[in-house]
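Report on one structure; see the data block that follows.
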Amino acid sequence: MNIQGHAALVTGGGSGLGEATARELARLGAKVAVLDVNLDNAKRVAGEINGIAYHCDITNTESLQSAMDAAAAAHGPARILMNIAGIGSAKRVVGKDGTAAPLEDFAKVVTVNLIGTYNASRLFAAACAKLDPLEDGERGVMVFTASVAAFDGQVGQQAYSASKGGLVGMTLPMARDLAQHGIRVCTIAPGLFSTPLMRTLPEPVQASLAASIPFPPRLGKPEEFAALAAHIVTNTHLNGEVIRLDGALRMAPR
């Protein structure tokens, strides 16, 4: 799909990987709607890329549908969905005091990362399936954001790894399911990236993490994630695939 002129939705587009992706899509000519729970961040990014911004909680269907409807009214029906909104968590199953980890913490991460992504995807797909087909019979494309933690999660990452592993497991069946509608589905599994969350860590910690990456021995750049996300849109034969973007990193147990 040629990105130029098409409407795109970017969840979590107010910062980090989502912000970089929103900027790259806009640079390539897409009409970008930045969806984020932090409306101030979303407005900042949208204002700088000539896009539009909406408050959006991907775990809330009413919030999602409202944002998608408003974006469609402003930009026309979306053919591109970047599912980048998500949260992290690290908690051992049994704490130092011997108590079990709260179930609510696990449920929250899975609800946002996995169920929230599915929620956005199903609503996008239902609208996209009604559009006229483009070249190759394609109607749209969506990208999930997993993590290398889906494959080699570390101690304490049970909830995060489970949520991202769920996205990996959902990729192929979703692509097969939506093939009849001409909608492609791919997933990016990033490694260690220089995001706002990463930059809250002390410099020595960041340097140590960067040194663990075989090559290049540095943190990933959000722009590199965005470039891959945009390539998935333009390469019509990419479908049902999970792509690790990690500099050959394999995470240690802790």
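For a straight C-alpha distance cut-off of 17 angstrom, the lysines reachable from Lys43 (same-chain residues fewer than eight places away being disregarded) are Lys31. A cut-off of 5 Å between modelled amide H atoms, ignoring neighbours fewer than 5 places along the same chain, links Arg79 with Ala7. Amide H to amide H distances under 5 Å link Ala85 with Thr11, Gly12, where only residues 5 or more positions off or on other chains count and H is placed in the peptide plane. When each of Lys130, Lys108, Lys164 is scored by the number of other beta-carbon atoms lying within 10 Å, the sequence from fewest to most is Lys130, Lys108, Lys164. Cross-link reach is defined here as a Cα-Cα straight distance under 13 Å, omitting same-chain residues fewer than 8 places apart; for Lys164 the aspartates and glutamates meeting it are Asp152.
Relative to the dominant Cα principal axis of the chain, helix 39-49 is inclined by about 60°. Going from the fewest other Cβ atoms within 10 Å to the most, the residues Leu17, Leu123 appear in the order Leu123, Leu17. Calculated from the structure, Cα extents along the principal axes in Å equals which of (i) 48, 37, 34; (ii) 85, 43, 33; (iii) 57, 37, 36? So the calculated entry is the one marked (iii). Contact order, relative form, for the range 185-254: 53 percent (alpha carbon pairs under 8 Å, 6 or more residues apart, mean separation divided by residue count). Against the main long axis of the alpha-carbon atoms of the chain, helix 222-234 sits at an angle near 40°. Backbone phi angles across the range 16-25, fed through the Karplus curve with coefficients 6.51, -1.76 and 1.60 (θ = phi - 60°), yield HN-Hα couplings of x, 4, x, 4, 4, 5, 4, 5, 5, 4 Hz in residue order; Gly and Pro are listed as x.
How would Ser208, Ser161 line up from fewest to most surrounding beta-carbon atoms within 10 angstrom?
Numbers: Ser208 11, Ser161 22.
With the sparsest Cβ surroundings first, the list reads Ser208, Ser161.
In the chain, the longest principal axis of the Cα atoms and the axis of helix 158-178 are about 30 degrees apart. In straight-distance terms, cross-link reach from Lys91 covers every one of the aspartates and glutamates whose alpha-carbon lies under 15 Å from its own, apart from those fewer than eight places away in the same chain; here that gives Glu104, Asp105.
Once you list every other residue whose beta carbon is under 12 Å from the beta carbon of Gly5, what net charge do they have if Lys and Arg are +1 and Asp and Glu are -1? Before the final figure, lay out each step's value.
Working: positive: Lys31, Arg79; negative: none.
Net local charge, Gly5 excluded: +2.
Under a 5 Å amide H cut-off, with hydrogens placed 1.01 Å from N, Val32 pairs with Ala8, Ile52 among residues at least 5 apart or on other chains.
We did not get these values from a lab; they are worked out from the coordinates using the rules stated. As the structure is a prediction and not an experimental result, all values here were calculated from the model. Note: ideal-geometry Cβ built from the backbone for every residue, glycine included; neighbour counts use all protein chains shown.
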